[in-house]
1. So if I place +1 on the C-beta of Lys and Arg and -1 on the C-beta of Asp and Glu, and nothing else carries charge, what would the dipole magnitude of the protein assembly as shown be about its Cα centre? I want it in debye, nearest 20.
2. Once you've got the Cα coordinates, tell me which of A:LYS97/A:LYS339; A:LYS97/A:LYS304; A:LYS122/A:LYS304; A:LYS97/A:LYS122; A:LYS81/A:LYS356; A:LYS136/A:LYS373 are over 23 Å apart.
3. Under a 1.4 angstrom probe, counting protein chains only, how are B:ASP65, A:ASP351 ranked by accessible area, largest first?
4. Order the following by accessible area, largest value first: B:GLU254, A:GLU296. Probe radius 1.4 Å; ligands, DNA and RNA are ignored.
5. Take B:ARG172, project a point 7 Å from its Cα along the Cβ direction, then tell me which residues of the range B:242-285 have their backbone nitrogen under 15 Å from it.
6. For A:ALA133 and A:LEU67, FRET efficiency with R0 = 30 Å and r from the beta-carbon atoms, rounded to 0.05?
7. Once you place label points 7 Å from the Cα toward the Cβ at B:ALA280 and B:LEU87, how far apart are they in nm?
8. Across chain B, what fraction of all alpha-carbon pairs, as a whole percent, falls in each successive 10 Å bin from zero upward?
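The values are calculated or read from the model by the stated rules, or taken from the named source; none is laboratory data. Being a predicted model, the structure only gives us computed values, none of them experimental. Every residue, glycine among them, receives a Cβ derived from its backbone with ideal geometry; neighbour counts consider all protein chains shown. Accessible surface is based on the protein model in full, side chains and every heavy atom, while ligands, DNA and RNA are left aside. Shrake-Rupley method; radii C 1.70, N 1.55, O 1.52, S 1.80 Å.
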Amino acid sequence: MSLVHRVARGVAALVIFVAAGAFAQGQPPIRIGSTLALTGPLAATSLVHKVVGEIYVEQLNRRGGLLGRPVEWIVRDDQSKPDLARTLYEQLITVDKVDLLMGPYATGAILSAMGVAQRYNKVLVHHTFGIPAQAKYDMQFPAWSLGPTPEVSVPNTVFDALAASPAPPKTIAVVTSKFPSVHFMSLGARDVAKKRGLNEVLFLEWDFGNLDYGPIAARIKDANPDFLWVGAIGLEGNQLLEAMSKIGYTPKEHFYMYPAPGPMSKSALARNALSMTVFEEHPPFTSAPGAKEFIELYHARAAKAGIPDTAVEVQAAASYTAWQILEAGVRGAGSLDDKAIGAWLHTHPVDTIQGKLRFDGPHNYGDDLMRVKQVQDGHWVTVYPAAYAAPGATLRVQ
Amino acid sequence: MTLPSATLVAQSALSGLFIGGLYGLMGLGLGLSWGLLHVINLAHFALAFLAAYLCYQLASVGGMDPFATLALIVPLCFAFGVALQWLLSRFDLSPLNSLLATFGLTAIVEAGIQGVWTADFRKLETPYAALHWQVGTLYVPAAELVTLAAAVGLSFAVYAAMRFTDLGRALRALAEDAPIASAFGIDARRHALVLSGVCGALAGIAGVCLALSFTLTPSQMYAWIGVVFATVMLGGLGSPLGPLAAGIVIGVSEALTSAFVSPSWAPIVSFTLLIALLLARPGRA
């Protein structure tokens, strides 16, 4: 081929590329609708999901969008109210006429959105639904890889980790918030602990929004268990730690279900605290395709958004995963047809930054990918199982 | 069922005493405003949280001692209280409408706090947080002790002011019968502005105490409303000492319920006490 021909072909390819780009730009955007709790008690965590969604949509548009069209994300504030989330999802479908849906935060709002999605036969990918047995809609797809029976599998993973530690516990105290997605896990932990021969020395429940953790701390101190299971969400874990510290008590080994990640890892009182994770900023998680770029982007954007702790962990990773699932579903189906997307996702595992997710199990849940992490030297690090542990990290005991 | 140990009961009661002091401190300004000005000021909670965030900002970023921040926060909150009363007096609101109006203001302040500090958790790290004394087997945390002392001191100071000063007598007279009090030369508008300012300042002090002991998030302000309202109603509207006594009764009752039964039963205590009181003395609230 002569030089002239090669140049001509190169110019032609360039023209086609630019024209295709211009065509894509001229296409109406694919509109993805969702709500997030931008105000109200769940706003702190929702801000993480907002930042992640913005990052993902920007990345997606830089890659050429979906099906040759740019993507626009419409996000409404559900004020942490599941009933409002229901209304807003109705509006997104019937008034805004969005092409696709993305789930809200958290379990209550997701359940509301799921009902609306079911009524209109829309696919709903969601980030953090905590009670798999209640996800009865066939076209909902969870990014929160708890497995179908987390109330059994998650406590078993925790107790396996403790059994492998230098000081396996013999007694347990289960104290828990009555927040729904936390409470059922704690009740599951009680059953699993009993089956594994742990002696329960204390069981306590409190209402979400409790103000005085002093008496709870006093009862824990009185029971003095080898292992403390705290069914806490958000700041409850920190509040209990502070209350225990004020009466001079340090738990021997302690686990928190859904802690506020930043405040807990930064608290000196949370030394060796355990929790669950699907992603932390260390290998092998960071070897997943796109993970490093996402981490860098998230650090910058989270700092700009005023989020005190800019580390990518469970919430941010689950959020990113949800967008990966939706993108994979649309690309796999080659269309915006919800039934086609749902059918594709049912039969194809999706590679995400937390691993391979499948949706062919009960309630569309696949494997339980939850790992055990621990606060070590002011950071969360995965400690169990060994294959997912941070380099050199092992479970520490007091 | 095994009985809890004496240490557990005593430590729980102490914890209840401290939280009860804070209920009383939060309820002091609210009750005065409700009883004497007939303004059910929900913005009292918003102002307390705004003060808590200001304390956090001045201490964490500005490097001030948390107690020194009172020198700035108290006058600011006083001014807020005066401005609020000035605004509300323009509309001649009924108590119920004042509740609705100040609820709207609360939402605005909450949005403002969220805009500046985000919805994320903010914890004031001070040496006072870890400071505590051991008395026998009991632990006495310094920050909570200071809060209780502030609640007791301010409640008695307000009681003395109401009883022994001309301003206090005038305020009580206005609450009793405003037209007659005015006929005797009491300037109702000016006195209402002063009292509202004092209530604002009390909210500011409560806010600093909150920041010393609690991690802050804007929506947390709503968690206090129910129990502090119960405290005020139980203690008596406009009473300076009532909220303190009621707060301590509620706090200790909740704590002992947690120690003997379960923490999940504790929230029922304050409202059960309130219902019992209303049944026994229907005119109380």
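1. Working: 46 positive and 47 negative charges, 75 e Å.
Computed about the Cα centre, the dipole is about 360 debye.
2. Values: A:LYS97/A:LYS339 17 Å; A:LYS97/A:LYS304 32 Å; A:LYS122/A:LYS304 34 Å; A:LYS97/A:LYS122 12 Å; A:LYS81/A:LYS356 32 Å; A:LYS136/A:LYS373 30 Å.
Checking Cα-Cα distances, A:LYS97/A:LYS304; A:LYS122/A:LYS304; A:LYS81/A:LYS356; A:LYS136/A:LYS373 exceed 23 Å.
3. Numbers: B:ASP65 60, A:ASP351 110 Å².
Descending accessible area places them as A:ASP351, B:ASP65.
4. Numbers: B:GLU254 20, A:GLU296 135 Å².
Order by accessible area, largest first: A:GLU296, B:GLU254.
5. Only B:242 pass the distance filter.
6. Working: r = 35 Å, r/R0 = 1.15.
Efficiency, from the Cβ-Cβ distance: 0.30.
7. My value for the distance between the label points is 3.9 nm.
8. Pairs per bin, as whole percents: 7, 28, 35, 22, 7, 1, 0.
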